[in-house]
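The values are calculated or read from the model by the stated rules, or taken from the named source; none is laboratory data. None of these values were measured; they are calculated from a predicted model. Don't worry about glycine lacking a Cβ; one is built from the backbone with ideal geometry, like all the others, and counts go over all protein chains shown. The accessibility values were calculated without ligands, DNA or RNA, using every heavy atom of the protein model including side chains. Shrake-Rupley method; radii C 1.70, N 1.55, O 1.52, S 1.80 Å.
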Amino acid sequence: MEVLIMAGQLILGLSILVGLHELGHLVAAKAFGMRVEQYFIGFPPKIWSIKRGETEYGVGAIPLGGFVKISGMIDESLDTKHTDTEPQPYEFRAKPAWQRLIVMLGGIIVNVIVGILIFVVLAYKNGNTYLAVQDAKYGIVAYDLAQQIGLRTGDKIVKVNGKPITDFSDVRSSEVLLGNNSSYTVDRNGQLIDIDIPNNFIDKLADKKNASGQFLEAREPFKVGEVVPGQPAQKAGLREGDLITSINGKPIQFYHEFIDQVKPLKGKALALGISRNGQPLTIRMTTNPDGTIGFYKKSLLKLTTQEYTFGQALGVGTEKAFGVVYDNIKGFGKIFRGEVSASKALSGPIGIAQNLFGGIWVWDRFWTVTGLLSMALAFMNALPIPALDGGHATILGYEIISGRKPSDRFLEGAQRVGMVILLGLMAFAIFNDVFKAVF
């Protein structure tokens, strides 16, 4: 079921974004009097279509993209039959370069607008709920990677790159993980210590065995949240609100201590000491084969919620949207400098579904990820690679500046090269996803 939910979210999110992206091209083309022959969400084979006027609108069976076919344009279909005839007034190639440039940028512009709108609405609707640094009063849990750079469980991070922070999530921000010469300042038993972060640290963090959450997190006391029906915890009588105080007679206070002690007990007997309404009880059960018992934690750390007016949400949402683009630029910079391996940093559809959407359908998370993907798609499409919108825009920019229009033969060749590059990248990303999932 989790696989179906992940796939469903990915398909819905991409269909929305691709549909709007291609709609940007379509609207701009029609506005300048160009004939749009086809508008499809998904790639062939065709599932369904309907013709309205001069345009066929349809859905393809492969939900990982889409296309708009504009008369007189050399695109991914590599249809060059029109190049042997005189340009018709309704064709793409017959229009001024500035109009063709707007058509090519239409999809990117729509993706940027959609990304901004999503983040603005989320900011206005939900505000910003965060763990303030002063409320992370028990310090951090330092996993193996954190210990490798010198952090210790119980450290309190008070500064990032020499600047005080208020939001605990800033310790894992892109400014830290994608920046250069980053550092933490920690309070360790009353002594301030600077911890340097290697420039290639994100490469280690991207490794499958060091998945998200296995770097550092706030050390948090907890109680039992929702208990999953049919799991050992529910069968043994554990209830929401119970406070777990010991495991097999060993006292615990924090959630990471619970995980550290229960995870190795795969399929083994377990005695939980709990406090229920102030009364001590012992509950016995057998753990699942994967070392779980079936409940969600409820953190006892205090969270702070900051609400925004619409004007404030507009600024916050826009900043967050363009932050995605900035993070992509920094990430590519690390790949080109050799500080991050492409195989660890790049993900295809499988990786996106697993790592971003997850196996539980939560609408706020779905829209957050969709907003991230919208800005990422805008950035990727803006790259000056032939066959991408950015490649077309680069050629049109040259034409506008120089006053010379490239030949159809050159455009066809550039499109073929671009298609080879894109198909190669797609194959690499999908193979990489499968390799990481299996190994």
For the stretch 1-14, which positions are touching a strand residue (DSSP E or B) at 6+ places or on another chain (Cβ under 8 Å) and open to solvent by less than 40 Å² (accessible area, probe 1.4 Å)?
Leu14
Considering only the stretch 222-241, state which residues are free of Cβ contacts under 8 Å to residues at least 40 places away in the same chain and crowded, with 17+ Cβ neighbours inside 10 Å.
none
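For the stretch 194-204, which residues satisfy the criterion of being in contact (Cβ under 8 Å) with a residue 12 or more places away in the chain and of a type outside the set (Lys, Arg)?
Narrowing the stretch 194-204 to residues in contact (Cβ under 8 Å) with a residue 12 or more places away in the chain: 195-204.
Matches in the stretch 194-204: Ile195, Asp196, Ile197, Pro198, Asn199, Asn200, Phe201, Ile202, Asp203.
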Report yes if Leu272 is in a loop (DSSP other than H, G, I, E, B), at pLDDT 90 or above and of a type in the set (A, V, I, L, M), otherwise no.
no
Residues in the stretch 408-415: is at least one out of contact with any His (no Cβ under 6 Å at 6 or more places or on another chain), loosely packed, with under 13 Cβ neighbours inside 10 Å and modelled with pLDDT of 80 or more?
yes
Can you tell me how many residues in the stretch 185-194 are surrounded by fewer than 18 Cβ atoms within 10 Å (Cβ to Cβ) and part of a strand (DSSP E or B)?
6
Which numbered condition in (1) of a type in the set (A, V, I, L, M); (2) more than 18 Å from Ser374 (Cα to Cα); (3) open to solvent by 60 Å² or more (accessible area, probe 1.4 Å) is the only one that Ile70 fails?
(3)
Restricted to the stretch 15-33 and to residues being within 20 Å of Leu388 (Cα to Cα) and open to solvent by 30 Å² or more (accessible area, probe 1.4 Å), the residue farthest from the chain's Cα centre (by Cα) is Val27
Of the numbered conditions (1) open to solvent by 20 Å² or more (accessible area, probe 1.4 Å); (2) in contact with a helix residue (DSSP H, G or I) (Cβ under 9 Å, 6 or more places away or on another chain); (3) of a type in the set (D, E, K, R); (4) at pLDDT below 95, Asp75 satisfies every one except a single condition; which is it?
(1)
Would you please list the contacts, defined by Cβ atoms under 8 Å and residues six or more apart or on different chains, that run from a residue in the stretch 251-264 that is within 19 Å of Leu281 (Cα to Cα) to a residue that is in a helix (DSSP H, G or I) and not basic (Lys, Arg)?
Ile252/Phe258; Ile252/Gln261
The stretch 1-27, subset out of contact with any Leu (no Cβ under 7 Å at 6 or more places or on another chain) and of a type outside the set (A, V, I, L, M, F, W, C), residue modelled with the lowest pLDDT:
Glu2
Which residue pairs have Cβ atoms under 9 Å apart, sit 6 or more places apart or on different chains, and have a first residue in the stretch 399-421 that is assigned to a helix (DSSP H, G or I) and a second that is aromatic (Phe, Trp, Tyr)?
Ile400/Trp98
